Amino acid sequence: MNVGKALSFGRRRLAGRSESFARDASLLLAFVLGEPPEFVHLHPEACVSENLFALYTTLLDRRASGEPIAYIRGFQEFMGHNFLVDRRVLVPRPETEHVVDTAVRLLTETSEASPFVGDICCGSGAIGLSIAKALPSSRVVLSDVSRGAVGLARENAKRLGLSGRAAFLVGDLVTPLLKAGFAGKFDVVTANPPYIPTGEIETLSPTVREYEPRLALDGGESGLEVIRRISTEVPAVLKPGGHLVMEIGADQGDACQDIMMEDGETWREIQVLKDYAGRQRVVVGRTRGCS
Ligand code: GLN
């Protein structure tokens, strides 16, 4: 068996089962060979041993059943770093990189020499740890209501060499941050909360619906329930003039702006930013206080 034949075999096995069947077959074959993804396109004649072909077939079958590639390989690239992922956490999406970019831009514009960042609903830690990587003088606190997620985020911090600048807390939204004494302390708080309306969960692709944690997806009946709580609760842990940078669903920009303006005293400079697909993806707000 060689790489070219194994690739054709994999594509046939996944056709009709995965929309990205060609890409999936390449990624899985490269993964079992321990090579970078481009290898399989550059070396169609390379040999694939019987054992590795058997392993490849097993992984193709997992993908054919709907399991995300990221869980099969055990990692996902995000902001140029590899994050360990498994069924305890949502797979980091490319559009979530806008949350990181926005937070880093805001922190670079402030005069704070050693910015302090909170990442709530941290999951694998992709957002908070990517910010820590981008800003070597920053310190980050990551929290999640899922103990499993926090365990994985801690592991990712270790692998990225960030253990010295990252702390981890388990608990609901800002509750653990307040308990740890971080009232009024953060320059920026980021969040990728669950924001899918409960009734829409069933319409998601099986790859998302059957495998990713519902806790990380389900935003209650309106999809805005956690977003609303974040808007109300996060000001308590921000410095005056600190920023919230939060991911939202593509059709939630207006509703989020309304939510943040409900209490006219708290948020100013509210902005909704779009992702590269032109869809509303990130909402930013700043607490009142010094400018
Ligand atoms: N963007 C994710 C999806 O569409 C949802 C992420 C979230 O709820 N925070 O599957």
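None of the figures in this text is laboratory data; all of them are computed from the coordinates on show. The structure displayed is predicted, hence computed values, not measured ones. Here the Cβ is made from the backbone with ideal geometry for all residues, glycine too, and neighbour counts use every protein chain on show.
Report for the chain the percent antiparallel among DSSP-assigned beta bridges with both residues inside it, nearest 5. Restricted to the chain, the bridges split so that about 45 percent are antiparallel.
DSSP H helices in the chain with Cα extent of 20 Å or more along the helix axis and mean Kyte-Doolittle hydropathy at least -1.0? Display every interim value, and only then the final one.
Values: long enough: 50-64 (21 Å, -0.04).
Long hydrophobic helices here: 50-64.
Spacing of the modelled spin labels on SER49 and ARG214, each 7 Å from Cα toward Cβ, amounts to 4.3 nm. Pairwise Cα distances in the chain exceed 27 Å in 44 percent of cases. Give the residues of segment 225-269 whose amide nitrogen is closer than 20 Å to a point set 7 Å from the Cα of ALA277 in the direction of its Cβ. 246-256, by backbone N distance to the label point.
Could you give the length gained on full extension between ALA250 and LEU204, defined as 0.36 nm per residue of separation minus the Cα-Cα distance, in nm?
Values: separation 46, 0.36 × 46 = 16.56 nm, distance 1.45 nm.
My answer for the length gained is 15.1 nm.
Please report the relative contact order for segment 245-291, taking Cα pairs under 8 Å with a sequence separation of at least 6, and give it as a percent rounded to a whole number. Dividing the mean separation by the residue count of segment 245-291 yields 44 percent. Segment 1-77 and segment 122-155 have Cα centres separated by 30 Å.
Under the 0.36 nm per residue contour assumption, what length would be gained going from the current alpha-carbon distance of GLU109 and GLU77 to full extension? Don't skip to the end; give the middle numbers.
Working: separation 32, 0.36 × 32 = 11.52 nm, distance 2.68 nm.
Length gained, GLU109 through GLU77: 8.8 nm.
A straight chain from ASP263 to ALA22 at 0.36 nm per residue would run longer than the Cα-Cα distance by 81.8 nm.
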